[in-house]
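Here's the structure, in structure tokens; my notes come after.
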Amino acid sequence: MNKALALEATDHASVASPPNSLVKGYSLVSASAFTILGIVMLVLALLTPTSIVFKGSNIVVSLSTIFKVAEIVFSLGMLHAAIMLWRANLDKKHMSRGIGILPGDAALANAFFYLGFSMTAFHLGYSPPAIALAQFITVLVGLFFGAGGLALSGVSKPARPLGHITFSLMLRDGVILIVGTILMAIAFGQLSGAALKPPQWNWFSFLGITTPGMLLLMGREGVKARLETWQGLARFPRLLLTDTLLVLGLAIMLYGSYSNLTLGVNGYQVGPKGNTAGLILWIAAVLLLLVIRGAFKIAVSQRYNHVGYRMVSKLLYVMAIVFFIYGERSFLSGHAPIFSIGGAAPAVALILFSAFMVLVVGRAAAQKVSSSYSSAR
């Protein structure tokens with residue numbers, strides 16, 4: 001009986017929330033980061049040239065002004081995310097209940113849309129390259145800290161019951177996965193360049209392809225959590241279903257990302273050019289996700305509440321997604337999957353480190369279930 005109680009206490013300790021001082025400290029860092037990012041985004045938006053045309057007694061607002069107003073709105077949105085997090089830090093009762101997902105989610109949403117409008121303005125010739133590059137870098141930092149804010153929400157909350165999922169949990173876990181993966185895709189898209197440069201942007205690809213892929217990945221988090229109670233032989237079809245959804249969501253989202261950020265075209269108007277080596281690499285990445293990583297999750301399912309095992313699973317995901325990105329892009333472009341390093345490598349290394357921290361450390365720390373076994377990734 002005493003041994004059983006000791007084991008139960010150990011399991012509970014493995015999923016308990018970290019000390020309040022750790023949560024408080026990182027939440028202050030995140031709030032400060034959101035504040036600085038919002039101010040920088042606002043200043044850069046205000047520095048963007050604006051033209052107002054006068055036709056007689058009428059004032060015609062140019063398209064550049066519309067983009068500038070949108071950038072200002074999303075800059076203020078980032079500052080609003082900072083205010084929400086500052087309020088949570090100053091409210092002791094709120095802190096005792098954990099950090100909500102709204103600050104991190106709002107920061108990420110504003111960063112994504114700010115990137116879209118600022119890059120569109122740049123490619124239409126409404127802003128100089130230096131401003132556009134500064135905006136791109138600022139957004140990358142915003143994506144990292146926004147995902148960190150979501151991870152902080154998971155760390156500060158108690159472990160969820162096995163098989164239990166809410167919309168906020170599904171959104172949190174899915175968005176952390178999405179942001180970390182997008183950061184990796186951006187990094188590898190820039191790696192061969194002579195220097196970091198502003199990406200392309202196409203709203204049809206972002207809203208029509210990337211976004212549905214994102215929604216599929218978030219929905220997959222809900223399916224995965226609901227099926228966690230399937231044990232025994234049922235673990236195999238459960239993993240096959242959830243990991244197949246993962247592969248489909250990644251394929252759609254990364255195709256949209258490639259069409260949007262790399263090519264700057266409507267992905268519905270272009271198709272894959274095909275490449276055998278790229279297809280083989282892509283299939284190898286899928287097998288790594290489905291077979292090798294799936295086998296690992298089944299083998300350690302009884303000990304998955306230990307953060308170390310979750311981090312190994314996330315590390316396997318990172319390894320697979322590198323091959324996945326190169327294989328899919330090679331198949332789409334028709335070019336052989338060549339790993340090329342250019343002058344942008346130092347900046348890309350920072351982006352990859354950020355993606356690693358989000359996907360491995362942040363995601364592993366945020367996912368906690370109140371059971372000694374789980375298949376959460």
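Among the listed pairs LYS24/LYS314; LYS157/LYS297; LYS68/LYS197; LYS157/LYS224; LYS224/LYS273, give every one whose C-alpha distance is greater than 28 Å. Walk me through the numbers on the way to the answer.
Working: LYS24/LYS314 26 Å; LYS157/LYS297 24 Å; LYS68/LYS197 20 Å; LYS157/LYS224 20 Å; LYS224/LYS273 34 Å.
Going by Cα-Cα distance, LYS224/LYS273 fall outside the 28 Å limit.
Distance in nm between label sites at ASN266 and LEU248, each 7 Å beyond Cα in the beta-carbon direction?
2.6 nm
Ignoring ligands, DNA and RNA, what percent of the 1.4 Å accessible area of the stretch 73-157 is carbon and sulfur?
That share works out to 73 percent.
Order ILE292, ILE186, most accessible first, counting only protein heavy atoms with a 1.4 angstrom probe. Can you show the working numbers first?
Details: ILE292 95, ILE186 15 Å².
Sorted descending by solvent-accessible area, the residues read ILE292, ILE186.
Quick one: Karplus J couplings for the stretch 273-281, per residue in order, coefficients 6.51, -1.76, 1.60, θ = phi - 60°, nearest Hz, x for Gly and Pro?
8, x, 7, 5, 4, x, 5, 4, 5
Enter the accessible area per residue of the stretch 164-218 (Å², integer; probe 1.4 Å; all protein chains in place).
Value for the stretch 164-218: 34 Å² per residue.
With a 1.4 Å probe and all protein chains left in place, how much of the accessible area of the stretch 172-328 comes from carbon and sulfur atoms, in whole percent? Could you put the intermediate results ahead of the total?
Working: 4590 of 6170 Å².
Answer for the stretch 172-328 is 74 percent, counting heavy atoms of protein chains only.
Give the calculated FRET efficiency between LEU28 and VAL73 to the nearest 0.05, with a Förster radius of 22 Å applied to their Cβ-Cβ distance.
0.25
Roughly speaking, what is the centre-to-centre gap between the stretch 275-350 and the stretch 214-233 when only Cα atoms are used, to the nearest Å?
Here the two parts' Cα centres lie 20 Å apart.
Can you tell me the Rg and Dmax of the stretch 200-340, counting just the alpha carbons, in angstroms?
Spelled out, the Cα radius of gyration and Dmax of the stretch 200-340 are 16.4, 48 Å.
Can you list the HN-Hα couplings for the stretch 121-130, worked out from phi with the Karplus curve (6.51, -1.76, 1.60; θ = phi - 60°), rounded to whole Hz and with x for Gly and Pro?
Here the 3J(HN,Hα) series is 4, 5, 6, 8, x, 8, 9, x, x, 5 Hz.
Determine, from the Cβ-Cβ distance of ILE83 and ILE292 and an R0 of 51 Å, the FRET efficiency 1/(1 + (r/R0)^6), rounded to the nearest 0.05. Don't jump to the answer; show the numbers that get you there.
Numbers: r = 45 Å, r/R0 = 0.87.
E between ILE83 and ILE292, to the nearest 0.05, is 0.70.
The values are calculated or read from the model by the stated rules, or taken from the named source; none is laboratory data. Bear in mind the structure is a predicted one, so any value in this text is a computation, not a measurement. Note: ideal-geometry Cβ built from the backbone for every residue, glycine included; neighbour counts use all protein chains shown. To get the accessible areas, we keep the full protein, side chains included, count just its heavy atoms, and leave off ligands, DNA and RNA. Shrake-Rupley method; radii C 1.70, N 1.55, O 1.52, S 1.80 Å.
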